[in-house]
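Here's the structure we're looking at; comments come further down.
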Amino acid sequence: MSDRLIEERGFGYAFDPKACEECGGKCCTGESGKIWVSVQKIPEIAAFLGMKSEEFINEYLEKSGYRFTLKEKMVVKGEYDCIFFDRLLGRCTIYPVRPMQCRTFPFWDYFKDHEEELRNECPGIL
Ligand code: SF4
Ligand code: SF4
């Protein structure tokens with residue numbers, strides 16, 4: 001992982017990827033949420049896992065409306081981990097092929113107006 005600060009045009013903060021090593025994956029755990037997976041991304045993640053797309057969909061995805069989201073594992077009541085988060089290792093097990101939503105975190109348009117919420121969640125925000 002890069003040890004350089006990441007900045008994106010239009011965002012009032014920078015991100016330090018080194019923070020992820022100590023953090024324990026707060027963005028992959030916590031309250032239940034949607035982790036969208038595009039239809040185009042399905043074959044890539046499935047291949048990474050050595051699975052057929054159909055198997056991958058059945059095992060790891062849920063339908064939400066007309067879209068797919070990653071399943072979650074309940075840790076305790078009200079607390080969930082993404083199905084691909086490994087608590088022992090403290091990291092994502094599909095990191096090289098993770099969905100776009102994970103890849104673009106923490107630079108989501110939503111956080112332009114909710115920076116405080118992001119700062120409370122992610123220790124890498126500067
Ligand atoms: S919450 Fe921030 S620091 Fe923690 S793993 Fe996610 S991106 Fe990295
Ligand atoms: S796919 Fe990986 S990066 Fe995305 S939420 Fe799940 S564990 Fe985290």
>> Being within 11 Å of ligand 2 (Cβ to nearest atom) and farther than 21 Å from residue 117 by Cβ narrows it down to one residue among 86, 81; which is it?
In response: 86
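In the range 93-113, what residues are outside any helix (DSSP H, G or I) and either among the aromatic types (Phe, Trp, Tyr) or modelled with pLDDT under 95 (or both)? So that I can check it myself, show each step before the final result.
Taking the range 93-113 and keeping what is outside any helix (DSSP H, G or I), we get 93-94, 98-99, 105-108, 113.
Once the filter is applied, which keeps residues that are outside any helix (DSSP H, G or I) and either among the aromatic types (Phe, Trp, Tyr) or modelled with pLDDT under 95 (or both), the range 93-113 yields 105, 107, 108, 113.
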>> Every residue in the range 89-104 that is more than 8 Å from ligand 2 (Cβ to nearest atom) and in contact with a Cys (Cβ under 9 Å, 6 or more places away or on another chain), please.
In response: 90
> For residue 50, all conditions in the list (1) on the phi < 0 side of the Ramachandran plot; (2) at pLDDT 95 or above; (3) away from ligand 2 (no atom under 13 Å from the Cβ) hold save one; what is the number of the exception?
Replying inline: (1)
> Taking the range 42-92 as the search range and keeping residues that are assigned to a strand (DSSP E or B) and among the aliphatic types (A, V, I, L, M), which one is farthest from residue 27 (Cα to Cα)?
Replying inline: 61
> Listed residues 66, 110, 60; which is surrounded by 13 or more Cβ atoms within 10 Å (Cβ to Cβ), more than 12 Å from the chain's Cα centre (by Cα), under 27 Å from residue 40 (Cβ atoms) and hydroxyl-bearing (Ser, Thr, Tyr)?
Replying inline: 60
> Of the residues that sit in the range 11-31 and are assigned to a loop (DSSP other than H, G, I, E, B) and within 12 Å of ligand 2 (Cβ to nearest atom), which one is modelled with the highest pLDDT?
Replying inline: 25
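The values are calculated or read from the model by the stated rules, or taken from the named source; none is laboratory data. All figures in this text were calculated on a predicted structure; none of them were measured in a lab. Cβ: placed from backbone, ideal geometry, glycine included. Neighbour counts: every protein chain shown.
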